[in-house]
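Remarks on the structure that follows.
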Amino acid sequence: KNRHHEPMGQGYTALFFLDEVTALSAGHRPCFFCRRAEAKAFLGGRKVDAFDRALHEERRALGTFGIQSVLPDGAMAECDGAFYAKRGHRFLRWSFAGYDGCINSLSHFKILTPPLIIAILASGYKPRWHASAHQWDET
């Protein structure tokens, strides 16, 4: 829409992540300014202010340990100091430069993605992935 804003403007700060999967794991939702349609689909009729408050509380809480079979695509976890995103039946190893490895399972892990976002991913929301994730797509 040919609009521009200051990254450190009043009211909010623009954040930059590797991809949407990474942003969601950090407890951020799609932006209503930049991606209005995706933000509406993501919230699914929830009130923005109430959702943001609840999400803020979840970001402050400690992560939980979980069972890999219940993690939806796009959820992230930490295992032995490395970070992984679930994609299909695999876990892609995250790095600042992109996804640089793939394993089939995690032995023990801490879930990084907040529960509210896990539920949205489980209900079918498809986040945007960095291009490096596609090299491990299942055929």
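The values are calculated or read from the model by the stated rules, or taken from the named source; none is laboratory data. Computed from a predicted structure; not experimentally measured. Every residue, glycine among them, receives a Cβ derived from its backbone with ideal geometry; neighbour counts consider all protein chains shown. Surface accessibility is based on the protein's heavy atoms, side chains included, excluding ligands, DNA and RNA. Shrake-Rupley method; radii C 1.70, N 1.55, O 1.52, S 1.80 Å.
Pick from A50, A37: which is open to solvent by less than 70 Å² (accessible area, probe 1.4 Å), within 20 Å of I120 (Cα to Cα) and either assigned to a strand (DSSP E or B) or at pLDDT 90 or above (or both)?
The conditions single out A50.
Output yes when any residue across region 88-95 is farther than 15 Å from A26 by Cα, basic (K, R) and open to solvent by 40 Å² or more (accessible area, probe 1.4 Å), and no when none is.
Yes: one or more hits.
Name the residue, out of L55, L92, L106, that is touching a helix residue (DSSP H, G or I) at 6+ places or on another chain (Cβ under 6 Å) and in a helix (DSSP H, G or I).
Just one listed residue meets the conditions, L55.
Would you be able to tell me the number of residues in region 116-133 that are open to solvent by 80 Å² or more (accessible area, probe 1.4 Å) and of a type outside the set (S, T, Y)?
2
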